[in-house]
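What follows is a single structure, written as structure tokens, with notes after it.
Just so it is clear, none of the values below were taken in a lab; they were calculated from the coordinates. Here the structure is a predicted model, which is why all the values come from computation and not from measurement. A quick note on method: Cβ atoms are made from the backbone with ideal geometry, for glycine too, and the neighbour counts reach across all protein chains shown.
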Amino acid sequence: MCLSVIGKVEEIKNNIATVEVFGARTQCLLDLLAESVTIGDYVLLHAGFAINKLDKDEAIKTINDIKKIMSIEDDRNS
Amino acid sequence: MIEIVEEIRKVANQLDRKVKIMEVCGTHTMAIRRFGIHNLMPQNVELISGPGCPVCVTPVSMIDIAIQLMQDPTNILVVFGDMVRVPGSKTSIEKERTKNNNLKVVFSPFDIVKITEENSDKNIIFFVVGFETTLPGIAWTIKSIKEKNIKNFYCISAGKFIPPAMEAIVCDKELNIDAFLCPGHVSVIIGSRPYEFISKDYQKVCVISGFEALDILESILIIIKLLRNNDIKTEIQYTRAVKKDGNKKAKMIMTEVFDSCDSIWRGVGKIPHSGTVLREGYKIYDIKERFKIEEIKEETNKLCICGDILKGKQKPIDCKLFTEVCTPANPVGACMVSQEGTCAAYYKYGGTR
């Protein structure tokens, strides 16, 4: 239940961010974050809330690692 | 990845004993099984699954209370999807949902605000379930409900706090755990400090881990190195997301709305200060303030060993019901019904270790 995913912020309106998560789009509230978030930042999403702002380089590296694992699993299942 | 497994084997060889590492979080259990990490462990390193799924540990009596409230068609019960199929003592929320058609499943607690506004003639009852990862979002929602002066909202407060449960586990003399793989996303909120007493007072290594295969392997390596060096402390492996102090704003919102109380964990029993109760100023939203709740005794299937599985004392394969009677399609115990339950992980990915 504590699953969280990394999302890239594409738009912010009334402290609600539209984020891109592996090609899909979703919205999350930024009200639990003390630091300011701008377009292009990466956040950790959980149940409709951003629970953390992530370091950009680390976030990109993690996304690439996950994509790699997903492609290995896809190959294995096909 | 091969290098890190080799390194784990090398360090494990330098240990003079068998070590037991408990993963506290259900998401870690699923990742360990999915990646087959348990099969990569040397003979003297045992991974044990702990109580880490908020759905699994919600007591049967709380589910029965939710079902009791669903019997009144003027009430709407709101739950996270994971809770729908969890068995109560006689029935489940899923089986009751068609009777009065008064169940709503939400992805985010914030969706509740809209539900209260669209159903102003009904009582909206939210089943609060979750650990520290989820509780700040719920608390924020309850705060906004108060600010908006919404009058038809109530909650069943069944949230749980992780560190008190870990303390209960280390105090159990039948369990001899050497280290904890601590939950990554709970720790995004609470940070690493709340685990330090477990290292200091109970001599257990605590390492906060991320959820990718490499994160978990790296965390296990940190744990066994610390054990080898007899350097008992709390460390963060998941540094890209977890800070020592956690998310201060989220913690502040959570503690403004929720206080701690003694609380029953399904199959485990009562753990001091491990549950959530609404604080003064928010108590008006507690179902106990508004509804007459019949007292319900905690009852579970006597053959089900979920309690021992949640404490890491037994494994799913030790249960007579596992795969014979208890399956994901027809779950008996909570560890099978939740996607992150230990039994569900063993059922999906197999394994005897």
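Figure legend. Inter-residue proximity from segment B:280-293: first residues within 15 Å of residue B:77 (Cβ to Cβ), second residues charged (D, E, K, R) and in a helix (DSSP H, G or I), beta-carbon distance below 9 Å, spacing 6+ or different chains. Indicated pairs: B:285/B:146. Taken together, B:139, B:66 contain a single residue that is within 14 Å of chain A (Cβ to nearest Cβ) and in contact (Cβ under 8 Å) with a residue 40 or more places away in the chain, which is B:139.
Checked against the criteria, residue A:38 counts as hydroxyl-bearing (Ser, Thr, Tyr) and away from chain B (no Cβ under 13 Å). Residue B:46 passes all but one of (1) within 14 Å of another protein chain (Cβ to nearest Cβ); (2) in a strand (DSSP E or B); (3) surrounded by fewer than 19 Cβ atoms within 10 Å (Cβ to Cβ); which number fails? Checking residue B:46 against (1) within 14 Å of another protein chain (Cβ to nearest Cβ); (2) in a strand (DSSP E or B); (3) surrounded by fewer than 19 Cβ atoms within 10 Å (Cβ to Cβ), the one that fails is (1).
Restricted to helices (runs of 4 or more DSSP H) entirely inside segment B:92-205, those with at least 1 residues that are surrounded by fewer than 16 Cβ atoms within 10 Å (Cβ to Cβ) are B:93-100, B:111-118, B:135-147, B:162-171, B:196-202.
What helices (runs of 4 or more DSSP H), lying completely within segment B:273-353, carry at least 3 residues that are on the phi > 0 side of the Ramachandran plot and surrounded by 15 or more Cβ atoms within 10 Å (Cβ to Cβ)? Answer list for segment B:273-353: none. Only one entry of A:12, A:51 meets the criterion of being of a type in the set (Val, Ile, Thr), facing chain B (nearest Cβ under 9 Å), free of Cβ contacts under 8 Å to residues at least 60 places away in the same chain and under 26 Å from residue B:252 (Cα atoms), and that entry is A:51. Would it be correct to say that residue B:83 is farther than 23 Å from residue B:210 by Cα and either of a type in the set (Asp, Glu) or within 12 Å of another protein chain (Cβ to nearest Cβ) (or both)? Yes. Inspection of segment B:73-94 finds a residue satisfying the criterion of being touching a residue at least 60 places away in the same chain (Cβ under 8 Å) and either among the β-branched types (Val, Ile, Thr) or under 21 Å from residue B:274 (Cβ atoms) (or both).
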